[in-house]
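The structure under discussion appears below in the form of C-alpha cells.
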Amino acid sequence: MAAKGVKGLMNRWGFGSKAKKDEMSSNPEPQASGSSSEWKEYAECLTSDSRWSTHISTDKPIYRPGDTVHIRAVVLHPITGAPVSSGSYGMAGNVQVLSPKGSVEATLYTNQLEESVAYASWAVPEGQAGGEYTLKLEYGEYGGMGASPPAERKIQIRNFRSPKLNVRVEFLGRGYSAGDEVKGKVSVTRAEGGAPPAGTPVSLTARVDGTAVHSSEAVLDDSGVCYAGFALPPEIAEGLGALTAVVHDGGNVESGSKTIPIVLQTVDVKLFPEGGVLVPGLENRVYFEARDPTEEPLDVEGEVWPVGGNAPLATFAAVHEGRGKFVFTPAAGQAYEARFTKPGSVKKPVPLPEVEGGANHGLPSVVLRVEAPADGAEKTANSSAAIDVTVGSTAAATLRVALYKREVALESKDVNISAAGGTQTLSFLLPGAEYSGVLRVTVFAESSGDWTPVVERLIFRAPVRKLHVAVSGGPAQGGGNDCVPGGRARVEVAVTDAVTGEVVSGAVVGVSVVDNSNLEQVEPRRRAPRLPAMALLEDEVDHLEDHAAYIDGSDLPGGSDPSLAVDLLLGTQGWRRFLYRDPLEKLVGEGTGENGEKTKRDKFKRAAGVQPVQPQPVYPFQALARGGPKMRAMNFAFGGGGPPVLPQAAFMAAPAPPGGAFRGPPVELMMLHDLEAGAGDPPEPEGAEGGLEMLKEGAEAEPARAEAEFPADDLVADVKMEVEDAAVEMEVEQAADAPKARKKMAAPKPVMPAAGFAASMARPMPVIRVYAHTRRKQGVERSTQRSDFTETVYFAASLVTDARGRAAAEFDLSDSITSFAVTVDAHKAIELKTAGDIVTTTVTTKTKDGAETTVTTTETKPPRVVRACALGASDGTFKIRSVKPFYVDAKCPLELTTSDRVLLPVTLVNAAPDPVSVAVQVGVKGPLSLDASDRPGKSTGSEAMDVDPPGKMAPNFTLLKQSLEAASSARRIVPIVAGGAALDAAYQADTDTPSPVPRGSVTVNATASVGGGNTNGGVVHRDNVKREFAVSPKGFPQEQSAGGMLKPGGGKVGGEFALPEDTQPGSVVTSVTVFPSPVASLTQALEALIREPYGCFEQTSATVYPNIMAQQYFKTHSGVSPQLMEKSYKLLGTGLDKLRSFEVKGSGGYEWFGSEPAHEALTAYGLLEFVDMAQVYPVPEDMIRKTRAWLLGRRDAPARAFHLDPKSLDSFGGAPADVTNAYIVWSLTYAKLKDGLEQQIASLVEQTATNKDPYFVGLVAGTLYNVGRNDEAAPLARGLEKFQKKDGSLVDARTSITRSGGDSLLIETTAVAVLCWLNEKAAFGPNIRRAVEWLATRCKDGKFGSTQATVLALKAIIAYDVSMTSARAPGKVHLLVDGARVESVAFDAKTEGAIVFKDVAARLTSDGRARKVELEMEDGAEMPYAIQIRYHSERPSSAAECAIGLSVALQQPTAQEGDLVEILMTVENKKADEALPMTVAILGLPGGLEPRHDQLRELVTRGDVAFYELRGRDVIFYWRTLAAGQKVTLRLEASAAVPGEYVGPASRAYMYYTDELKTWTEPIRSVITPKTD
C-alpha cells in the first residue's frame, strides 16, 4: 500500500487540516492539536498495526540457587485483547535475567508462540547471588513485534528454609506516630494446610529503635488468628521497629515479623486533580496517594485549607493502598495545602497544585469528571455500560470530548459551553464490547484553528465476557482427597462462562503447582498479579499491589466495591498525563531526574503499548523502505495537525497477528516489492473502513517471499539510487535543523532481509512447554527416604480444554509434608457480535444560572463481529495436601561454621487418630558429629517403651523414644557439633568447583507403633527424612603469597611461610602454579575473576577480556590445543552479547548496569575492549562506530577536554578530570581515531609540563605513540623511569581511572608504563623486563589486584610475550618444602596449560614457625610462578591503609528461638576531605540467624543502601559513593531461627577497586536457646 492511500485515509478521519464547523457533528473523531512536527514524532513512535502486549508470569516468587525458573508469556492485542490468531508466530522472544544491580545474568529464548503463549526456563546456577531479579521479555524487530514494549516480572533468589508454620503479621492501620495505639493481627497456618488448634500459644514482642516496647502472650482462635495491641513510646528517634510473633505448635516453633509503619515527619503525598489541573470557580475532584519512605501505603487523614485562610474547605481520608479523593472549589490566585490530622507526627502541610490561571495560553480552563456506576448497578461497570462524563469551563468554549483505548479513538462528541462556569454531562456508549480495561477520556479545546488537549483522565470498564476457572484434584489413583509424599497426583481444571455457566472448550490454561510455603513467604498484596489483572490493568499503572482488590474487591473495606479501588488507582496516574502528546520525550529522551533517579520510561512504554526502536545502521532494504521519497510520506502519514487517533474502524475486523494475516515479510518489505513491481498507488478509499481493509487485503493477498524472489538486479540499481537520494536529502535536513533530524532518525528500524531472518531463527529454542516432576528412585533406601524437596511439581505454559471444558494433568509430588497450591490462569479467543444496536444519547446543558437544556438523539450502530478475549483465573484456594499419618523432620540451619553447636530440633508428628509409641534414630554424616554429652548409640527417652528401633544402627547415631497422643506432636533436641576431617579435603584447590563448601547431613529414621505394632496385631508407621547443609571454617580468611620469574639454572625461588597458632584446622590450602605460557595465566585469571562478585559492565569485561587476549595469543603461536581455542572463542560470543546489554538506550555509551547517564570513562574502557575483540571475533562495526561517535560527542571544545557527567558518582565516573580525559583520549587513539582530537591531545601534552603523575604521563605518552607522534612521546616515556623502583614497580601515582589505591594502583600504573615502553623496546628493554617480572609477583590465585588491574596486567604481559619472548624449551620443575623435593613436573615446548602442583598443606604446621616453599627449574625457559597459602585464623588482619571503617555488633548475643535480634552495622569513610568510590560492606551472619528479607528490600527503597546481594550467610551491601566523612549506620534484623551456639563468617568492608585493602571485624557470636512451653 502506498503512501497516498494512507495519508488520504488519515485526513478523512480528522488528521491534517481542521474540519469545517458544519462537519464537526457528523465526524466522530477529534482533530489535531499542536504543531505538525509534534505529531510526526508521535506517528513514528506509536503507529503500528501489529503491536502486541506481553504478559509474563512465573511458577513461584522465590527461588533457591539450583532451582529452575519456569516462565510463561501470554501475548494479546493491546487494543482488543485478542490472542494471536491460529498459526504459530515464527519468532522467539528474548528474556534477559537482570540482577539486583541491573546487569544481565543470562539471556534466554522462548519457544514460538502457540495458542498465544510462549515458554522459557532458566536454571539458576549454584552459587548465584541472592536478591531481587528482573525477568525482561522482548520480541525482536521482525514482523512488527519491534513496536511492542518489554514485559517484566520480579523474582527473588535466595537460600531459605521452608517453615513448617506460615506466620503472617499484619497491621490494622497503615501509619502510626509516637504515642499511637498499634493494632496487629497474626495469622498462622500449617505447611500441610489448616490452622493449629485453638489455644496454641503465641509470644508477641515489639521493638522500636532497638528497645523492647511490648511483650505479651496470646493464643490462637479456631481460625488460627490472634491480635496484638500496644502503645508506641511518646518519643521516637529513628522510627525503626518491628512486631514479632513466635508460635509454638507442639513440635514446631516458627516466627514471623513485620516492620511497624512508624511515620515521623516524612511522607510522600502526591495529589492529582481529576483531569490534571485545578480549575478556578468550578467544583474540582482531587485524588491523592500517600506513601512512607519505604514506599509502603499510608492511612492519612486531613483537611484542605487555603493558604492563609481560617477554615478548611474539605476533608480527606485514604481508603485503599494509601489512596483517596476529595472535592472542593478553588478560587483564582489562591494557593491551597493539605494539612494532616493522621498520622499526628506529620506537621508539615503539602501544597496542592497551583490553580490554573485565566490566560492559559488562550485556552479555557476545563474541569472533567467521570461518574462512578450508580448505586445498585454492577459495581465494576463493564464495556456495555454507559460512561457519564461531565465537563465544565471557566469561559464560553467549544470543546470536543473523546474516548480512547490507548491512541485509538473510540467515540467523540462536541460540547458548546455557552457561558463561563457552565457544565455539560455527556453519556458515552462504547462502540464495541471488545474495548475493555483502561480507557482514556480527553477533552480538546478549540483555539486558532487547532484542537489542543486540555484535560484527561483514565477510566476502567470490565470485560463483558469472563471465564470461571474451577480446580479439583487429588491422588492419581485410588480414592480420598489427600496425597502421600512422592505419590502420583492429578489436577483437573474446568473452565466455564462466568455469566452463563456454559462449558468453554478451547480455552488456553496455564497451570502451576507449587509448595504453598514458598508462596506464603510473600505477603498477598505483593504477589505478582494474575492474568486478568495483568492484561487489564498492570501495563497502564505505575505500580500494582493488592491486585486482587481490583478484580473481586475481596481486600477492600467491606469487601464489595472493586470499582472504588480501580477509580482511586486510575485517578492517581497523573505521571503519564498527555503521554501521546510528546511520546519521544517520554519514551526515548533522557531518563534521570534531578537526584539521579530513574524515570518511568519503561512504564511509559508499557502504558503506550510501544517499544521505540533505537537508531540502527541503514541496510539496502531499509534505504528504500524508509529513505525513499515515496515511502517517506508513509513514515510520516500521521503528520497532520490533529490529536493522535487511529480510527475505530481499524480494529473492527480481527487484528492481523504476527504470523497470521501478515505472515511473511514485514510491511516495509512488501511495500518495497510493490514499488519494484511497478505497483501504483491504490485508489483513494471511500471511507475509513475501505482504506484499512485495503491494507489488510493487500497483505493477505501477497504470499510470503524469500529474499531470492525479489528482482535483484533492478533492486540493486534502485536501492543505490534511493540511498544516494536519501543521503543528499538527509544532509540538507541535518544542515537545516540537526536536532530535528536526530529526532526523525530515532524511531526507524532496519528491515531484516529474509536470509537474515532465517539466520536469526537458528538460535537454540526450548521446545518443552510442560514440566511434570518425576520422583527419582535410586535403590531401596532412596525409595523410602524423603530427601527430594522440589517445590514446583508441575508447570504447564498452555493446556487446552476439551469439549467438556476440562484439562487435566498428572505428576509426582516431592517428598515434602506440605500443601501444594494450584494456580491457573485462562484465556479464550472469542467473537463478539452486535446486531445494529439502537443507541439513544442525551446531552444536558447547564448554565451558571441553573438553566438546563436537554437534547436527545438516536443512532443505529452497524452490525459488527470482532475478535476479543475472555480472561479468567482460579481463586488460588485449592491445594493438594501431601501428608502421612506419622512423620518426622529436623529443623536445620542453612550453613554452619566449624565448631558451631546446633541444638537440633527433631519434630515427631502423629496425625493419626490413635496414640503411638515412637522410636527415632538420628544420625549425622560428613563434617558433623553428635555432641560428646550425647555420645553415639545412646538411647534417650522412655526406656520402658516396647518399640523396636527403626532399622540397622548407624555408627554415629542417637536413639530417641517418645509417646504421642492422637493428633499431637512433640519435639526432641539433639546436640550436634560441626567440624571433622571432611574439612581437610573440602578446601583443596579445584578448578572445576572453586572453594567447595562441604555438606553435612542429618538423617532422621523413625517407626511409630499403634496398638502394639505388627507383632501384636497393630500397625507400624515409618518415616525417614534427610536434610543437608554446608559447613565452612570459622575465622578470617588470610593469605600469604610469593611470585616472580622462575629461570633455568637460576636456583631456588619462593618464600617462607609461617602459619599462626590460631590457624583453623582444615582451612589451610596451598596453591603452587607455574605458567609456561600467557595462556595459562589468562585461564587462571578468568577462573579467579568469575569467582568474584560480578555482574556490572566492568566486571563482565574483566571476565571477557582474558578470552580476547587468549585469542590474540593463539594468532601468534602455534601448537595451541584446538579444544582450548574453540572453548575460548565460544565464550567471546556470550560475552559480547552480555556487554551489549549495558549500552544505554542504543546511544553507543555504556554504564555499569546499563542505566542513565552513560559514563565517559567506562565507555572508553569498553572501546578498548571492543577494538581488541574485533581483531579476533566479528564485532559489529556499528558497535565500535557508535561507541567512538558517542565519546566524540562528549568533547568540550572550549575546555579542550570532555564533558564529564556529574551524575557519574561511582569509581569510573569519579576519577580526577585530568586522569579521566587522558584515559578517554588514550582509548580513542588506541581505536585508531586520530582526527578530531587535536585540541584534547594538545591540552594533555601541555599538562605534562606540571603534572608528572606516572599514571597520567603513561597515558599521555601512550596516546602520542598511538597517533604516531613518537618523537614527542619518547621524552615522556623516559620520564617514567625515575618512578620505577628496583623491584620493577612504578610508584607515586595519585590514583587511576578506577580511583584505586594500594597494590591495584601500583599494578595499573606499572602495566600502563609497560604498554607505553613496548613502543620502543630497544630503548626501554631493561625497564620492561623488571616491570613484567614485578607484575608476575603480584599474581594471586590468577588475579592481579582488582579487576581493572588484572586486565591491564594481563594486557601488558601478553604484549611483552608477543614482542620479546624467545622460543620455549623442554624442562622440568621441582617443588620443595624445607629443601625436600615433594613433586616434579616435566613440560615441553608445546605445554600451554598451567603447571599446578599438589596441595602441601599437610607439611605446613600451625605453630608460627617459618616453612620454605620453593621451586627449582631444570632446563626450559623462564616462566612466571605464583605461590599462595590460604587459611583461616581467629584474629583479624585489617589493612591500616583501608579508608573504610566498619563496626558490627549483635545487640542480643543471647536470644530465644523465634526472637527477632538486631545487628548494628556502621560503615564510615575515614577520609574527612575526600569522597570514596563504590564501597562494599559484607555482613557475616551466624548459622542460626536468618535475615529478614522484607527489611533488606526496605533498606533499598529508603535509600540507606544502593542495592544488596546474598551469598551464603553473607549479606553484601553496596554504596555507589560515600561522601567525605560520611557514616552510615544500619539497624539490621534477623530471626533467631534454629537453637544452638554459632559463629558467623568475619564481616568486612573495602573499596570495590581496592579489594586487597580490607577492614575486618570480629565474627558475630550468637547463642539461641530452644523455645519451651
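The values are calculated or read from the model by the stated rules, or taken from the named source; none is laboratory data. Bear in mind the structure is a predicted one, so any value in this text is a computation, not a measurement. Cβ: placed from backbone, ideal geometry, glycine included. Neighbour counts: every protein chain shown. Just so you know, the surface numbers come from the protein's heavy atoms only, side chains and all, with ligands and any DNA or RNA stripped out. Shrake-Rupley method; radii C 1.70, N 1.55, O 1.52, S 1.80 Å.
Between the alpha-carbon centers of the stretch 1454-1501 and the stretch 482-525, tell me the distance in whole angstrom.
40
First check a/c for the stretch 1426-1573, with a ≥ b ≥ c the square roots of the eigenvalues of its C-alpha gyration tensor; if it is under 1.5, answer rounded, and if not, answer prolate when a/b is larger than b/c or oblate otherwise.
oblate
Kindly flag which residue pairs out of 1130/1186; 164/879; 1186/1234; 183/347; 466/828; 136/1138 have an alpha-carbon separation exceeding 21 Å in this structure.
As for pairs spanning more than 21 Å Cα to Cα, those are 1130/1186; 183/347.
Between residue 361 and residue 498, what length comes free when the chain is fully extended (0.36 nm per residue of separation minus the Cα-Cα distance, one decimal in nm)?
The span from residue 361 to residue 498 would gain 44.3 nm if fully extended.
Given 0.36 nm per residue, what is the gain on full extension from residue 877 to residue 1217 after removing their alpha carbon distance, in nm?
116.3 nm
Please report the relative contact order for the stretch 1415-1573, taking Cα pairs under 8 Å with a sequence separation of at least 6, and give it as a percent rounded to a whole number.
Dividing the mean separation by the residue count of the stretch 1415-1573 yields 34 percent.
Could you state the number of Å between the C-alpha centres of the stretch 1215-1261 and the stretch 391-410?
59
Quickly work out the residue 1028-to-residue 1382 label distance, labels modelled 7 Å from Cα along the C-beta direction, and quote it in nm with one decimal.
3.0
What is the stretch 164-251 by shape, rounded, prolate or oblate, if you read a ≥ b ≥ c off the alpha carbon gyration tensor as root eigenvalues and call it rounded for a/c under 1.5, prolate for a/b larger than b/c, and oblate otherwise?
Prolate is the answer for the stretch 164-251, as a/c is 1.5 or above and a/b outweighs b/c.
For the stretch 49-134, which whole-number percentage of the solvent-accessible area (1.4 Å probe, protein heavy atoms only) is attributable to carbon and sulfur atoms?
Result for the stretch 49-134: 41 percent of the exposed heavy-atom area is carbon or sulfur.
Order the peptides 197-209, 1526-1538 from the highest to the lowest mean number of other Cβ atoms within 10 Å of their residues.
1526-1538, 197-209
So, counting K/R as plus one and D/E as minus one, what does the shell of residues with Cβ under 13 Å around residue 1305 add up to?
Computed value for this residue: -4.
With each label point set 7 Å from Cα along the Cα-Cβ vector, what nm distance links residue 1472 and residue 1320?
Placing both labels 7 Å beyond Cα along the Cβ direction yields 4.6 nm.
For the stretch 1386-1436, what % of the accessible area comes from carbon and sulfur atoms, probe 1.4 Å?
The nonpolar share, carbon plus sulfur, comes to 43 percent.
PRE reach from residue 1282 (point 7 Å along Cα→Cβ): which of the stretch 1218-1252 fall under 18 Å by backbone N?
1246-1252
When you count, for each residue, the other Cβ atoms within 10 Å and take the mean per peptide, how do 520-531, 805-816 rank with the highest first? Mind showing how you got there, number by number?
Numbers: 520-531: 18.2, 805-816: 20.8.
Top of the packing list down: 805-816, 520-531.
Residue 1527 to residue 334: extension gain in nm, 0.36 nm per residue of separation minus the Cα-Cα distance?
Length gained between residue 1527 and residue 334: 425.1 nm.
Rounded to the nearest 0.05, what FRET efficiency do residue 170 and residue 1234 give with R0 = 60 Å and r taken as the Cβ-Cβ distance? Could you check?
After rounding, the FRET efficiency stands at 0.35.
Determine, for each peptide in 436-443, 570-577, 1309-1316, 1431-1438, the mean count of other beta carbons within 10 angstrom over its residues, then list the peptides with the highest first.
1309-1316, 436-443, 570-577, 1431-1438
Excluding ligands, DNA and RNA, what is the solvent-accessible area per residue of the stretch 280-375 at a probe of 1.4 Å, expressed in Å²?
44
Given 1406, 1453, 1433, which one lies farthest toward the positive end of the charge dipole of the stretch 1389-1486, if we put +1 on the Cβ of every Lys and Arg and -1 on the Cβ of every Asp and Glu?
1406
Extending each Cα 7 Å along its Cβ direction at residue 1062 and residue 315, get the distance between those two points in nm, one decimal.
In this crude label model, residue 1062 to residue 315 measures out at 6.5 nm.
How much of the accessible area of the stretch 1158-1274, probe 1.4 Å, is carbon plus sulfur, in whole percent?
Working: 2090 of 4100 Å².
That fraction is 51 percent.
From the cross-link list 1047/1286; 101/1558; 101/405; 1282/1355, which pairs have alpha carbons spaced over 28 Å apart?
Long pairs (Cα-Cα over 28 Å): 101/405.
If R₀ is 41 angstrom, what is the calculated FRET efficiency for the pair residue 803 and residue 1196, using the beta carbon separation as r and rounding to 0.05?
Efficiency for this residue pair is about 0.05.
Assuming R0 = 60 Å, can you tell me the calculated FRET efficiency for the pair residue 1292 and residue 577, based on Cβ-Cβ distance, to the nearest 0.05?
0.55
Per residue, how large is the accessible surface of the stretch 1415-1573? Use a 1.4 angstrom probe and give square angstrom.
Spelled out: the 1.4 Å probe surface of the stretch 1415-1573, per residue, equals 33 Å².
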